[in-house]
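Asks: Dumping the structure here so I can ask a few things about it.
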Amino acid sequence: MNNSLLWEVTSSSGISSFVFGTMHVRNDSAFHDIEWLHNTILSQDYYYSEMDLSSSDSELLQQSHFLPPGMDIQQLLGDKKYEKLRRIILKSFGVDMNQLIHFYPMIAIHILLESSFHNSSSLILDQALYEYAKSRNKEMKYLETKEEQMGLFRNIPVEIQLKQLVQLGRNPSKVKKKYADLCRHYSEKNTRLLYRNSLHQMGILRKPLLYNRNIKMADLLAENLLGEKAFIAVGAAHLFGKYGILRLLKHRDFSIKVAQPSLQAY
């Protein structure tokens, strides 16, 4: 597994596209190569993101981050466990869990972890790249439908999500360190550790969150990239491993190689 997040994929028809592994964060670790990425986007005709990140669809997606009406984290945990968790979270993250009580637990975890790091951008990397491509009039396409993205957290048993939130409360410093390590691996392009640690953090959720989605994404790309020059931005964990998008495209007769920068962003 080479230390690269940007890969050139060439179809059997000889058309080359670029697949880039993003990280859904706002901090400095994700933005080192932004100029190079901008130039690569400009060289392509199409831009693929995981989903439509326009403002209207983003609002709908944000709504899907909330638990069903009449359900909240306090109710699910019970008053005693919730108050204990709330005290720990407030001490460790400076965030009152009452602000997150209506979110799916996995979303709450992500918000808490992101709050513990300095954020250099008002947008996560995915959104920043999306907005750049759109501003350059690239034709926008999507790896997943709005419905597939909105159903992502609803289809993961809330009991499993709650268990992860409780584990965060039991040892917040350990979870923070793992998240910091993940950001460092991304910044250093240490794809082996990035992938391994991502799988470890997902645990039993790796199949619904990664493997099943990778197959659908790879099938879509294998068909469309036969006739399109595209820049594809997708979470880095989707790229690697036995069931990663790169390997799946290789099995669909694409040649895969590390992309070489035409302009360094340093």
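Asks: Whether any residue in segment 242-256 is modelled with pLDDT of 95 or more, assigned to a helix (DSSP H, G or I), open to solvent by 40 Å² or more (accessible area, probe 1.4 Å) and of a type in the set (D, E) is what I want to check.
Replies: no
Asks: So, in segment 150-161, of the ones that are in contact (Cβ under 8 Å) with a residue 60 or more places away in the chain and open to solvent by 20 Å² or more (accessible area, probe 1.4 Å), which residue ends up nearest to I89 (Cα to Cα)?
Replies: V158
Asks: Would you mention how many residues in segment 1-52 are open to solvent by less than 40 Å² (accessible area, probe 1.4 Å), polar (S, T, N, Q), in a loop (DSSP other than H, G, I, E, B) and in contact with a strand residue (DSSP E or B) (Cβ under 9 Å, 6 or more places away or on another chain)?
Replies: 3
Asks: How many residues are in a helix (DSSP H, G or I), open to solvent by 60 Å² or more (accessible area, probe 1.4 Å) and modelled with pLDDT under 95 if we restrict to segment 61-76?
Replies: Qualifying residue count for the region: 2.
Asks: So K229 clears everything in (1) open to solvent by less than 20 Å² (accessible area, probe 1.4 Å); (2) more than 21 Å from R26 (Cα to Cα); (3) in contact with a Ser or Thr (Cβ under 9 Å, 6 or more places away or on another chain) except one condition, right? Which one?
Replies: Only one criterion in (1) open to solvent by less than 20 Å² (accessible area, probe 1.4 Å); (2) more than 21 Å from R26 (Cα to Cα); (3) in contact with a Ser or Thr (Cβ under 9 Å, 6 or more places away or on another chain) is unmet by K229, namely (1).
Asks: How many residues, within segment 84-117, are in contact (Cβ under 8 Å) with a residue 24 or more places away in the chain and open to solvent by 30 Å² or more (accessible area, probe 1.4 Å)?
Replies: So the answer is 9.
Asks: Mind checking which residues of segment 181-218 are of a type in the set (G, A, S) and at pLDDT 90 or above?
Replies: Answer for segment 181-218, where residues must be of a type in the set (G, A, S) and at pLDDT 90 or above: just A218.
Asks: Would you confirm whether any residue within segment 171-190 is farther than 30 Å from D33 by Cβ and touching a residue at least 40 places away in the same chain (Cβ under 8 Å)?
Replies: Checked segment 171-190: at least one residue is farther than 30 Å from D33 by Cβ and touching a residue at least 40 places away in the same chain (Cβ under 8 Å).
Asks: Give me a count of the residues in segment 86-140 that are farther than 30 Å from T40 by Cβ and hydrophobic (A, V, I, L, M, F, W, C).
Replies: 15
Asks: Then there is this: Condition check: in contact (Cβ under 8 Å) with a residue 60 or more places away in the chain, polar (S, T, N, Q) and farther than 30 Å from L90 by Cα. Does N214 satisfy that?
Replies: In short, no.
Asks: Might you check whether a residue that is among the charged types (D, E, K, R) and part of a helix (DSSP H, G or I) occurs anywhere in segment 218-230?
Replies: Within segment 218-230, one or more residues are among the charged types (D, E, K, R) and part of a helix (DSSP H, G or I).
The values are calculated or read from the model by the stated rules, or taken from the named source; none is laboratory data. Keep in mind that this is a model prediction, so the values were computed, not measured. Cβ atoms come from the backbone with ideal geometry, glycine included; neighbour counts cover every protein chain shown. The accessibility values were calculated without ligands, DNA or RNA, using every heavy atom of the protein model including side chains. Shrake-Rupley method; radii C 1.70, N 1.55, O 1.52, S 1.80 Å.
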